[in-house]
1. Helix 44-53 versus the longest principal axis of the chain: what is the Cα-based angle in degrees, 0 to 90, to the nearest 10?
2. Per residue of the chain, what 222 nm ellipticity follows from adding -39500 (n - 2.57) for every DSSP H run with n ≥ 4, rounded to the nearest 500?
3. Of all the C-alpha pairs in segment 27-142, what % are more than 23 Å from each other?
4. Using θ = phi - 60° and the Karplus curve 6.51 cos²θ - 1.76 cosθ + 1.60, what whole-Hz ³J(HN,Hα) does each residue of segment 271-279 get, with Gly and Pro shown as x?
5. What distance in nm separates the two pseudo spin-label positions at ILE107 and ASP278, each 7 Å out from Cα along the beta-carbon direction?
6. Using alpha-carbon pairs under 8 Å, 6+ residues apart, how would you state the relative contact order of the chain in percent?
7. Just to confirm the number: angle between the C-alpha axis of helix 296-305 and the first principal axis of the chain, 0 to 90 degrees, nearest 10?
8. Please compute the modelled spin-label separation between ASN212 and ALA46, points set 7 Å along Cα→Cβ, answer in nm with one decimal.
Amino acid sequence: MAERLGLAIIPGVGWRANEIQRIAREAEEAGFAAIFAAEVNNDVMATAQLRGADTQRLQVGTWLASSYVRHSYACAQGAALIAEATDGRFVLGLGVSHAPVNKALGIDMADAPAMLHRYVAAVRSWLKGEGPATHLPQRPTTRPVPVYVAAATSRTVELASELADGIMPFLWSAERVKTSKAWIDRGRAKAPGLGKVDVTLGLPTFIGDNLNAMREAARANLGLYTTFPFFQRLFRASGFAAEVAEMEKGAGGASLSDSILDAVCLTGPLSRCRAQLDAFRSVGVDLPILVPPIGVEGARAVIKAFRR
């Protein structure tokens with residue numbers, strides 16, 4: 001079986017509907033196995049439907065759908081419909097977004113990991129046709145819906161591995177992927193019937209012959225993430241305490257040292273990016289998800305570079 005490769009897009013930065021569909025077609029034609037979208041200023045379930053309607057083979061998924069903005073019942077019903085419409089090509093990735101985003105929406109996150117655990121269990125139950133009758137009795141989905149969960153800490157990885165088909169971390173180093181195996185095993189031991197956890201990883205990808213220029217592009221694209229407490233904690237746990245101190249001072253992209261970028265991104269000439277990708281696969285990443293620079297042309301360039 002050929003190694004799988006995924007692509008993630010952020011259409012909420014101003015993409016038109018036809019651009020979302022066109023990039024999905026181009027990814028499929030280039031041999032990608034899956035295309036995902038982030039729930040950033042868009043309804044990611046609707047964009048999954050758009051991508052699925054214009055492709056035939058490509059898996060389409062959410063990366064990630066926020067569990068705070070839709071009821072578990074509505075999420076399951078939407079997922080079931082997209083799965084049927086795409087003949088089983090839909091992947092439901094679930095997460096909790098970020099504290100500043102949820103605060104802007106008037107959402108109190110409270111204990112986010114525990115909430116997400118309950119939410120995933122509820123979605124899976126609705127997908128099975130369980131739960132009380134609403135207007136009518138519940139029915140199970142006609143196509144399977146794999147459920148993946150955003151996970152970064154040992155606790156969230158373990159919780160996700162109890163319930164989900166896969167995990168969807170972002171900005172992990174290869175070393176953290178290796179460390180996560182123990183967390184996954186602890187969680188899966190509580191749910192042996194689910195089989196192997198599918199490990200995906202979002203990899204920011206900046207391809208160009210000038211390595212320094214690509215690192216600067218990465219800083220420009222990833223600076224926002226340095227403002228989120230969630231990622232500050234992740235970078236500190238990954239051994240980048242000095243950089244996190246700069247993030248907390250508001251340094252933005254400038255706080256992303258070459259060491260961080262080399263650990264969590266694919267940067268530089270294509271040959272270097274391919275070698276970095278192979279290194280992530282070698283430590284247990286089953287589905288690398290390439291995250292291009294913001295914009296349609298950024299996605300198109302990554303598709304072209306990794307065409308099969």
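None of the figures in this text is laboratory data; all of them are computed from the coordinates on show. Because the structure is predicted, anything quoted here is derived from the model rather than measured. Note that each Cβ is placed from the backbone with ideal geometry, even for glycine, and that neighbours are counted across all protein chains shown.
1. It works out to around 90 degrees.
2. -14000 deg cm²/dmol, from helical runs alone.
3. The answer is 33 percent, as a whole percent.
4. 4, 5, 4, 5, 5, 5, 4, 4, 5
5. Here the modelled spin labels are 4.1 nm apart.
6. The value is 19 percent.
7. Its long axis makes an angle of about 80 degrees.
8. Label at ALA46, label at ASN212, 4.5 nm between them.
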